[in-house]
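None of the figures in this text is laboratory data; all of them are computed from the coordinates on show. In this text the structure is predicted, and so the values were computed from the model without any measurement. Positions of Cβ are backbone-derived with ideal geometry, glycine not excepted, and every protein chain shown enters the neighbour counts.
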Amino acid sequence: QVQLVESGGGLVQAGGSLRLSCAASGRTISNAAMGWFRQAAGKEREFVATISWGGGSTYYADSAKGRFTISRDNAKNTVYLQMNSLKPEDTAVYYCAARWSIRSLAAHEYDYWGQGTQVTVSS
């Protein structure tokens with residue numbers, strides 16, 4: 001079993017930045033692909049970014065390209081999402097997820113999820 005705990009969310013003005021962290025415990029995630037997803041109120045959960053186990057391969061949703069950066073520190077068993085130039089439409093609960101396979105954009109392919117962290121961007 002692995003537990004994932006997100007942190008770093010909060011309230012920020014449009015144009016601002018936040019860095020989300022996802023700390024894993026109970027199992028190493030060094031050989032797991034990791035993903036970030038988000039869910040806005042009343043909407044479906046959507047893919048944001050994913051990173052391969054070694055960190056050499058990343059992929060972003062169009063809405064995140066050029067503004068968000070996913071990274072990982074396997075020594076710390078932690079994955080990050082740096083979010084810059086935030087927009088009100090980025091407001092959502094952000095979740096990290098892990099899968100012991102190749103990286104994926106599909107939420108249903110992930111095995112473990114964190115509880116989420118709220119990001120609110122004011123205009």
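So for the chain, taking the charge dipole from beta-carbon charges (+1 Lys/Arg, -1 Asp/Glu), which of Ser122, Thr91, Ile102 sits furthest toward the positive end? Among Ser122, Thr91, Ile102, the one farthest towards the positive end of the dipole of the chain is Ile102. About the centre of its Cα atoms, the range 10-123 shows a dipole size close to 200 debye [charges on the beta carbon of Lys, Arg (+1) and Asp, Glu (-1) only; nearest 20 debye].
For GluC sites (Glu not before Pro), the sites in the range 27-123 that DSSP calls loop and that have at most 15 other Cβ atoms within 10 Å are Glu44.
A cut-off of 5 Å between modelled amide H atoms, ignoring neighbours fewer than 5 places along the same chain, links Ala49 with Trp36, Ala61.
The phi torsions of the range 69-77, fed into the Karplus equation with coefficients 6.51, -1.76 and 1.60 and a -60° offset, translate into couplings of 9, 9, 8, 8, 10, 5, 5, 9, 6 Hz, rounded to whole numbers, with Gly and Pro shown as x.
Under 19 Å from the Cα of Lys43, which lysines turn up, not counting those fewer than eight places away in the same chain? Those lysines meeting the cut-off are Lys87. Entry for the chain at q = 0.13, 0.20, 0.22 Å⁻¹: log10 I(q)/I(0) = -0.44, -1.05, -1.27, Debye formula applied to identical alpha-carbon scatterers, no solvent contribution. Look at the dipole of the range 1-91 built from charges on Cβ: of Ile70, Gly56, Trp36, the Cα furthest out on the positive end belongs to Gly56.
Give the relative contact order (percent, whole number) for the range 42-123; include only Cα pairs under 8 Å separated by 6+ residues. It would help to have the intermediate numbers written out before the result.
Working: 112 pairs, mean separation 22.3, N = 82.
After rounding, I find 27 percent.
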